[in-house]
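Notes to accompany the following structure.
The values are calculated or read from the model by the stated rules, or taken from the named source; none is laboratory data. Nothing here was measured: the structure is a model prediction, and the numbers come from that model. Cβ sites come from the backbone with ideal geometry, for glycine too, and all protein chains shown count toward neighbours.
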Amino acid sequence: MTAVKRYFKAGAVAYLLQGTPSESLCQAVGCVREGSTFIDPTLSAAWLGRQRGDYPQGTTEALTKRERQVLELIVQEHTTDEIAGQLFVNRCTVETHRSHILQKLGVRNTAGIVREALRRELVG
């Protein structure tokens, strides 16, 4: 069992890596406030055995059904809260899906998500 798993088993509710960007810190605080847990997206991707660039270019096979739904709504310019409302999920869940989409598409921000989604024809 990894140290991080032991921390959560002992009652931790969030885990961030040193040097985490402030936006991730804010996201973590928001998740904890809402009663959810938060794991640094970089670390959670590594737990899943995924690293940036490990996914096939130009396909949606790497994206889950829910991630494709979130991607579509991001491209349609919906906010995180609007996406959460439409999909009947917690805002932290949407942020986690967004984080996974960023990693899978190998981009750094929402503009990159939209650019890659259009370039790869992942959305209608």
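Taken over segment 57-81, the residue count meeting the criterion of being among the β-branched types (V, I, T) and part of a helix (DSSP H, G or I) is 4. Within segment 82-119, being part of a loop (DSSP other than H, G, I, E, B) and either at pLDDT 90 or above or under 16 Å from T64 (Cβ atoms) (or both) holds for F88, V89.
Do the conditions hold for V70, that is, is it within 11 Å of the chain's Cα centre (by Cα) and either modelled with pLDDT of 80 or more or over 23 Å from L16 (Cβ atoms) (or both)? Show your work before the answer.
Values: within 11 Å of the chain's Cα centre (by Cα): yes; either modelled with pLDDT of 80 or more or over 23 Å from L16 (Cβ atoms) (or both): yes.
Considered against the rule, which asks whether it is within 11 Å of the chain's Cα centre (by Cα) and either modelled with pLDDT of 80 or more or over 23 Å from L16 (Cβ atoms) (or both), V70 comes out as yes.
Scanning segment 106-117 for residues that are touching a residue at least 24 places away in the same chain (Cβ under 8 Å) and either touching a Gly at 6+ places or on another chain (Cβ under 7 Å) or crowded, with 19+ Cβ neighbours inside 10 Å (or both) gives G106, I113, A117. Only residues that are without any contact (Cβ under 8 Å) to a residue 12 or more places away in the chain and either in contact with an Asp or Glu (Cβ under 6 Å, 6 or more places away or on another chain) or among the aromatic types (F, W, Y) (or both) were counted across segment 1-36, and they come to 1.
Let's see how each residue does on (1) of a type in the set (A, V, I, L, M, F, W, C); (2) modelled with pLDDT of 75 or more; (3) outside the structural domain of V123 (by TED's automatic domain parsing); (4) loosely packed, with under 14 Cβ neighbours inside 10 Å:
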site: A14; (1), (2), (3), (4): yes, yes, yes, no
site: L17; (1), (2), (3), (4): yes, yes, yes, yes
site: S22; (1), (2), (3), (4): no, yes, yes, yes
site: Q27; (1), (2), (3), (4): no, yes, yes, no
site: G30; (1), (2), (3), (4): no, yes, yes, no
site: D40; (1), (2), (3), (4): no, yes, yes, no
